[in-house]
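A short write-up of the structure that comes next.
None of the figures in this text is laboratory data; all of them are computed from the coordinates on show. Because the structure is predicted, anything quoted here is derived from the model rather than measured. Here the Cβ positions follow ideal geometry from the backbone for every residue, glycine too, while neighbour counts run over all protein chains shown.
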Amino acid sequence: MNQKKTDTSLLEIRKVVREYILPRQQLFSSAKRFRALDGVSLTVNSGESFGIVGESGCGKSTLARTVMALEAPQSGEICFQGKILHALKAKELRRVRSGLQMIFQDPYGSLDPRQSVGKIIAEPLSLLGKMTLKKRSEMVTEALDNVGLSPNDSVKFPHEFSGGQRQRIAIARALITRPALIVADEPVSALDVSVQAQVLNLMMDLRDQHGLAYLFISHDLSIVRHMTTKVAVMYAGRIVEQGPTQMLFDNAQHPYTRALLAAVPRTDPSRKKSKSASSSVPKIPDSNFETLSGNGCAYASRCPLVEDKCRNIFPALQNIQAASATGFENNPQEIKHKVACYKPYAALVKS
Amino acid sequence: MNIFKTCKTFTSSHSILNLLTVNNLTISTEHKSGSINILDNLNFNLERGKSLGVVGESGCGKSMMAIAIMGLLPDNMTASGEVLFGSNLLSLPEKELCQIRGNKISMVFQEPMSALNPVLPIGFQVAESLRLHKNLSRHQAQQQASKVLDRVGLPSQQYSHSLYPHQLSGGQRQRVVIAIAMACSPELIIADEPTTALDVTIQAQILALIAELVFEENMSLILITHDLGVVAENTDEMLVMYAGRIVERGPTKNVFENLSHPYTRGLFASITDSEIASAEQGLQSEYSQTNRLSTIPGRVPEFWERSKGCSFADRCPRVQAQCSSQVPEEIQLGTAHSTACFFHY
Ligand SMILES: Nc1ncnc2c1ncn2[C@@H]1O[C@H](COP(=O)(O)OP(=O)(O)O)[C@@H](O)[C@H]1O
Ligand SMILES: Nc1ncnc2c1ncn2[C@@H]1O[C@H](COP(=O)(O)OP(=O)(O)O)[C@@H](O)[C@H]1O
Ligand code: SF4
Ligand code: SF4
Ligand SMILES: [Mg+2]
Ligand SMILES: [Mg+2]
């Protein structure tokens with residue numbers, strides 16, 4: 001294995017490709033392949049929160065499942081704590097998996113309604129091998145305590161809890177093996193804003209107390225901005241822009257990132273469109289990733305800046321030549337602000 | 001250009017400004033301990049051509065209000081008060097209500113799939129609505145449906161109108177639902193979380209589409225959402241609901257300029273996006289510390305758990321003894337802006 005491993009890099013995703021075979025349209029037509037992930041690379045260090053944003057269908061959940069080794073990539077590698085996940089034997093994978101847990105979006109569907117909360121939370125403990133009942137129940141109590149629930153809650157069932165509390169239960173289940181990384185796939189999207197804030201605060205506290213790292217997936221840009229220090233914007237299975245969160249949001253380069261940011265409604269009534277002039281909303285067509293052809297920039301069909309070149313060759317992720325992007329040379333842990341576009345915003349402003 | 005006018009038959013019997021007037025609307029249901037109110041004495045007016053935003057966390061009664069106006073309450077609930085839309089809809093027989101629903105008042109729901117029939121082509125579904133209410137022939141209805149689908153951004157050159165719902169994306173399906181809602185040129189559209197299930201980019205387009213259609217047709221709109229940003233950018237007036245009551249209301253601009261109810265301020269402060277804005281309004285101090293997100297502690301009570309006095313009391317940072325014994329009445333703060341709190345800001 002020829003890798004440059006630094007002591008803090010926890011998860012390395014290298015050029016991961018994940019394809020699905022689509023059902024045949026006709027009996028004798030050849031089955032079509034669909035690339036849900038097309039060469040995704042990123043690194044998450046210990047104790048840091050890395051955000052993934054993008055519209056539904058861009059491949060966020062596929063990335064989560066692949067990182068969790070629930071699905072194997074067709075090519076590329078997922079390396080967790082120095083081990084390539086899909087090369088491990090089942091037994092060793094189980095051990096490594098205890099350091100890697102997941103929280104799902106749906107607090108209703110992700111908890112088995114027939115199991116008591118105690119059983120649900122204890123479930124990942126099987127990854128750690130044999131354990132006394134006493135130790136088990138101690139760990140359940142501790143996990144409940146960590147997320148602000150009471151030990152008595154362990155005998156209750158999921159339906160007795162609100163959405164926010166269910167998500168706490170899901171977090172307790174993820175925490176119980178004391179993982180180094182939690183993959184959180186839209187962890188608060190199903191909750192009210194007021195409750196979202198409660199769960200997000202809990203996640204931040206746990207990060208600080210336990211030195212957790214998060215791969216934090218969300219379509220909500222303001223949440224990602226608040227929760228993460230690094231971020232990658234995905235479109236049609238590829239990363240189209242990445243960088244330090246603050247820098248990327250303040251200085252978005254890719255037309256897609258800019259469209260996402262512009263679409264977030266603000267609590268400012270002066271932004272109310274003068275009714276007939278709702279044409280001010282950029283008319284980006286709906287995403288329709290399925291129909292994409294292999295070559296060229298996937299965003300071309302929606303991009304207001306598209307030119308011929310964009311349709312022929314996919315633009316590579318490249319460093320932004322802005323002053324703001326320098327300064328990380330002597331710190332290889334840091335992420336550089338990169339964009340995959342022939343016409344990044346900085347270039348437009350210059351000309 | 002104005003295609004909806006072509007099938008408009010309804011002539012309003014009341015020429016006053018208000019299209020919809022809700023008086024003392026109360027909805028109750030039997031619960032263990034007897035009859036309990038889910039909605040408590042709602043009052044509001046909606047002028048023709050105006051848009052009204054309704055915000056609050058889930059469980060506050062927003063959908064219940066919409067369903068009551070549409071006359072779609074489940075059998076185990078009773079409504080009292082008045083919903084004046086021409087006549088009092090609450091006392092109208094079902095047969096006459098059918099003439100109003102989908103025709104003069106339409107609804108757009110959060111989940112487009114629940115409003116669409118999965119086994120019928122989209123063009124057919126829009127046409128059915130027209131045939132039902134406008135006595136059009138099959139052919140006329142189909143032609144009209146095609147125009148309506150064009151209008152909502154699904155032109156037949158690009159999107160065959162014989163496609164089925166599952167062949168469309170979430171945003172496109174919501175466009176079909178809007179087409180069905182708009183087909184008969186209703187006077188009032190009630191949109192209940194129409195974009196909650198959609199991506200932000202698509203949300204912006206769908207809201208823009210609704211705003212544009214409502215404006216061009218001079219329709220009125222009730223836009224229900226839990227997103228204050230959506231209310232700010234899309235409505236003229238707003239109501240804030242909590243636990244079945246209206247706790248703050250007014251012209252959207254005025255309410256945002258002076259958030260006066262502790263609940264409204266809590267909602268506003270919870271939004272990650274508004275950090276800068278809330279710092280300006282001095283909201284950080286009472287609801288949060290440093291870089292933590294502001295939260296409203298606790299949760300919305302179920303309707304059978306509501307306390308005697310102000311139902312926000314157990315979550316409120318300003319609560320005092322009086323709050324738990326007495327229900328605060330609405331207090332007028334300025335032109336049309338009012339708040340139901342003893343110790344408002
Ligand atoms: N098991 C599967 N078989 C075929 N296609 C799939 C499968 N899972 C996901 N996809 C497709 O892969 C793409 C990415 O999906 P997903 O990762 O769920 O996106 P996101 O989480 O960003 O919304 C979508 O177009 C989806 O339809
Ligand atoms: N079919 C029903 N039967 C009994 N109670 C209901 C029903 N639907 C909703 N409720 C209750 O009515 C209250 C208001 O709910 P709802 O109008 O759906 O709120 P919102 O739309 O603001 O989320 C809640 O307490 C909810 O539990
Ligand atoms: S490469 Fe071209 S089509 Fe793609 S985002 Fe940039 S300008 Fe638009
Ligand atoms: S009346 Fe009292 S409890 Fe209710 S919102 Fe006002 S201060 Fe808070
Ligand atoms: Mg997903
Ligand atoms: Mg609702």
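Structure values in brief
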item: Label zone at A:Ser301, where the point sits 7 Å out along the Cα-to-Cβ direction: the range B:198-220 residues whose backbone N lies under 17 Å; result: B:202
item: Summed residue charge, Cβ within 9 Å of B:Lys253's Cβ, Lys/Arg positive, Asp/Glu negative; result: -1
item: Value of relative contact order over chain B, rounded to a whole percent, pairs C-alpha under 8 Å and six or more apart; result: 20
item: Gyration tensor verdict on the range A:30-106 (Cα atoms; rounded if a/c is under 1.5, prolate if a/b is larger than b/c, oblate otherwise); result: oblate
item: Bins of 10 Å from zero: percent of alpha-carbon pairs in the range B:122-273; result: 10, 35, 30, 16, 8, 1
item: Residue among A:Leu133, A:Leu93, A:Leu206 with the largest mean-square fluctuation in a Gaussian network model of chain A, springs linking Cα atoms under 10 Å; result: A:Leu133
item: Pair-distance profile P(r), taking every C-alpha pair of the protein assembly as shown, with 20 angstrom steps and integer %; result: 16, 47, 33, 4, 0
item: Fluctuation leader among A:Ser189, A:Ser150, A:Ser46 - chain A, Gaussian network, Cα springs under 10 angstrom; result: A:Ser150
item: Mean separation of Cα contacts under 8 Å, 6 or more apart, over the residue count of the range B:111-225: relative contact order %; result: 28
item: Fewest-first sequence of A:Leu215, B:Leu97, A:Leu175 by Cβ atoms within 10 Å of each Cβ; result: B:Leu97, A:Leu175, A:Leu215
item: Set of aspartates and glutamates with alpha-carbon distance to A:Lys343 below 14 Å, sequence-local pairs under 8 removed; result: A:Glu241, A:Glu307, A:Asp308
item: For the range A:149-203 and the range A:245-263, distance of Cα centres in Å; result: 30
item: Top of A:Leu261, A:Leu125, A:Leu70 by mean-square fluctuation, Gaussian network on chain A, Cα under 10 Å; result: A:Leu70
item: Counted charge near B:Ala127, where neighbours are those whose Cβ lies closer than 15 Å (Asp, Glu -1; Lys, Arg +1); result: +3
item: Label point distance in nm, A:Asp205-A:Ser126, each placed 7 Å from Cα along Cα→Cβ; result: 3.1
item: A:His86, B:His133 arranged by Cβ crowding within 10 Å, fewest neighbours leading; result: A:His86, B:His133
item: Ranked list, fewest to most other Cβ atoms within 10 Å of each Cβ, for A:Asp153, A:Asp208; result: A:Asp208, A:Asp153
item: Shape of chain B, Cα gyration tensor, a/c cut at 1.5; result: prolate
item: Computed over the range A:185-262: relative contact order in percent, which uses C-alpha pairs under 8 Å that are six or more apart; result: 21
item: Derived scalar couplings ³J(HN,Hα) [the range A:74-85; Karplus, 6.51 cos²θ - 1.76 cosθ + 1.60; whole Hz; x for Gly, Pro]; result: 6, 8, x, 9, 10, 10, 10, 6, x, 10, 7, 4
item: Charge tally in the Cβ shell below 10 Å around A:Arg35, where Lys, Arg are +1 and Asp, Glu are -1, A:Arg35 excluded; result: +1
item: Mean-position separation - Cα centroids, the range A:41-110 and the range B:133-168, in angstrom; result: 43
item: Cα gyration tensor shape for chain A, rounded if a/c is under 1.5, else prolate or oblate; result: prolate
item: Förster-model FRET efficiency, 41 Å R0, A:Tyr20 and A:His159, C-beta, rounded to 0.05; result: 0.75
item: Cut-off 20 Å (backbone N to label point 7 Å along Cα→Cβ of B:Ser162), residues of the range B:90-132; result: B:117-129
item: Residue mean of other protein chain beta carbons inside 10 Å, A:195-204; result: 5
item: Cα centroid separation, the range B:35-55 to the range B:185-233 (Å); result: 17
item: Nitroxide proxy distance, nm - points 7 Å out along Cα→Cβ at A:Arg33 and B:Phe343; result: 6.6
